[in-house]
Amino acid sequence: MLFADDWKDYELLDTGDGEKLERWGRYILRRPDPQVIWPASADPDLWRSADAVYNRSSSGGGEWNFFRRLPERWVIKYKSLSFYVQPMGFKHTGLFPEQSVNWNWISEKVRKSSRPAKVLNLFAYTGSLTVAAAQAGAEVCHVDAAKGMVIKAKQNLELSGLSDRPVRFIVDDALKFVQREIRRNSFYDAVIMDPPAFGRGPRGELWKIEDELFDLVKTASDVFTDNPLFFIINSYTTGLSAAVLENMLQLCVKSRFGGGIKADDIGIPSSAGSIILPCGTTGRWEI
């Protein structure tokens with residue numbers, strides 16, 4: 001397992017009874033997590049210290065309940081990177097702290113490259129991986145179907161003082177954009193993707209991961225330059241195992257370009273006891 005254990009501004013305080021208790025900078029949030037099927041470890045007073053809790057609705061969805069007045073959004077830092085945190089719909093905060101393991105890996109790969117790296121980030125959300133790659137010196141194309149998330153990604157790039165970096169922001173369907181880039185002979189040294197289980201593109205395109213992902217990975221391998229650097233697939237809400245990600249990278253990427261694959265679970269250690277919270281899987285191919 002890969003551990004996101006080098007944070008200062010974020011802390012997983014405890015987990016239990018279907019929830020996780022997290023410190024985001026100065027503020028403490030309680031959020032549901034269906035994988036947490038064990039009881040809480042910390043003192044109940046710590047859980048009661050939460051500034052806000054996300055409560056699920058029996059009819060679907062849910063809402064935030066605020067016990068104290070919080071800013072609409074605030075900033076947390078990870079090493080030299082800065083990100084906005086904002087309680088949003090579907091229990092999200094705009095940042096997945098476990099992805100710090102990939103921020104570090106991408107930064108190292110980009111910096112060690114013998115040439116300036118051109119990176120394509122698909123399903124790029126609020127841009128944490130885009131910011132990490134740009135900070136390391138990559139030219140990045142950031143693609144997401146949600147215009148609001150792309151706006152937030154631009155703000156995160158500016159927040160880290162990287163607004164002058166060569167980053168292109170695109171609101172589009174991931175597969176259609178990749179297909180157009182291939183037709184335009186626009187190629188990349190690296191591909192990152194973090195696909196949802198279900199979604200719709202900006203023109204109503206239907207995305208179901210079990211039907212679409214393999215073809216997207218296969219097509220994305222056609223957007224590589226002759227000497228690609230890496231390919232990352234992240235899986236959080238999709239439930240895909242590390243072995244599934246490894247198999248796709250083997251069939252679509254390694255069979256063509258050689259190199260090696262490492263697929264693993266990602267986890268965040270809890271401050272209360274020895275519990276590790278599983279936070280999805282990641283598959284990495286590198287030359």
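The values are calculated or read from the model by the stated rules, or taken from the named source; none is laboratory data. Just so it is clear, the model here is predicted, and its values are computed rather than measured. Using ideal geometry, Cβ is built from the backbone for each residue, glycine included, and neighbour counts are taken over all protein chains shown.
Scanning region 6-60 for residues that are in contact with a strand residue (DSSP E or B) (Cβ under 6 Å, 6 or more places away or on another chain) and among the acidic types (Asp, Glu) yields Asp9, Glu11, Asp14, Glu19, Glu22, Asp33, Asp51. In region 120-144, the residue that is nearest to Arg168 (Cα to Cα) out of those that are in a helix (DSSP H, G or I) and among the polar types (S, T, N, Q) is Thr130. Exactly one residue among Arg30, Arg23 is free of Cβ contacts under 8 Å to residues at least 24 places away in the same chain, crowded, with 19+ Cβ neighbours inside 10 Å and either assigned by TED's automatic domain parsing to the domain that holds Phe66 or not hydrophobic (A, V, I, L, M, F, W, C) (or both), and that residue is Arg23. Condition check for Arg56 on (1) free of Cβ contacts under 8 Å to residues at least 40 places away in the same chain; (2) closer than 25 Å to Lys8 by Cβ: one failure, at (2). Only strands (runs of 3 or more DSSP E) whose full extent lies in region 145-222 are considered here, and the ones with at least 3 residues that are of a type in the set (A, V, I, L, M, F, W, C) are 167-171, 190-193.
Might you check whether a residue that is among the hydroxyl-bearing types (Ser, Thr, Tyr), crowded, with 16+ Cβ neighbours inside 10 Å and either under 23 Å from Cys141 (Cβ atoms) or touching a residue at least 40 places away in the same chain (Cβ under 8 Å) (or both) occurs anywhere in region 237-259? Reasoning before the result, please.
The first filter runs over region 237-259 and keeps only residues among the hydroxyl-bearing types (Ser, Thr, Tyr), leaving 237-238, 241, 255.
Filter again for crowded, with 16+ Cβ neighbours inside 10 Å, leaving 238.
Okay, now just the ones that are also either under 23 Å from Cys141 (Cβ atoms) or touching a residue at least 40 places away in the same chain (Cβ under 8 Å) (or both), so 238.
Within region 237-259 (the criterion being among the hydroxyl-bearing types (Ser, Thr, Tyr), crowded, with 16+ Cβ neighbours inside 10 Å and either under 23 Å from Cys141 (Cβ atoms) or touching a residue at least 40 places away in the same chain (Cβ under 8 Å) (or both)), the answer is yes, since at least one residue qualifies.
Restricting the search to strands (runs of 3 or more DSSP E) fully inside region 1-119 and requiring at least 1 residues that are more than 24 Å from Met149 (Cα to Cα) and in contact with a helix residue (DSSP H, G or I) (Cβ under 7 Å, 6 or more places away or on another chain) gives 10-16, 19-24. If you check Glu158, Glu212 for being touching a helix residue (DSSP H, G or I) at 6+ places or on another chain (Cβ under 9 Å) and not β-branched (Val, Ile, Thr), only one passes: Glu212.
Please enumerate the residues belonging to region 52-79 that are closer than 22 Å to Asn156 by Cβ, surrounded by 12 or more Cβ atoms within 10 Å (Cβ to Cβ) and not basic (Lys, Arg). Steps first, please.
Step one: filter region 52-79 for residues closer than 22 Å to Asn156 by Cβ, giving 52, 54, 64, 70-79.
Filter once more, so that each one left must be surrounded by 12 or more Cβ atoms within 10 Å (Cβ to Cβ): 52, 54, 64, 70, 73-79.
The answer is Ala52, Tyr54, Trp64, Leu70, Trp74, Val75, Ile76, Tyr78.
All of (1) at pLDDT below 95; (2) within 15 Å of Gln99 (Cβ to Cβ) hold for Val131 with one exception: (1).
Residues that are within 13 Å of the chain's Cα centre (by Cα) and crowded, with 24+ Cβ neighbours inside 10 Å within region 103-132 comprise Ile106, Asn121, Leu122, Ala124, Thr126, Gly127, Ser128, Leu129, Thr130, Val131, Ala132, listed in sequence order.
Within the group Leu206, Leu229, which residue is exposed (fewer than 15 other Cβ atoms within 10 Å of the Cβ) and closer than 26 Å to Arg184 by Cα?
Details: Leu229 fails: exposed (fewer than 15 other Cβ atoms within 10 Å of the Cβ).
The match here is Leu206.
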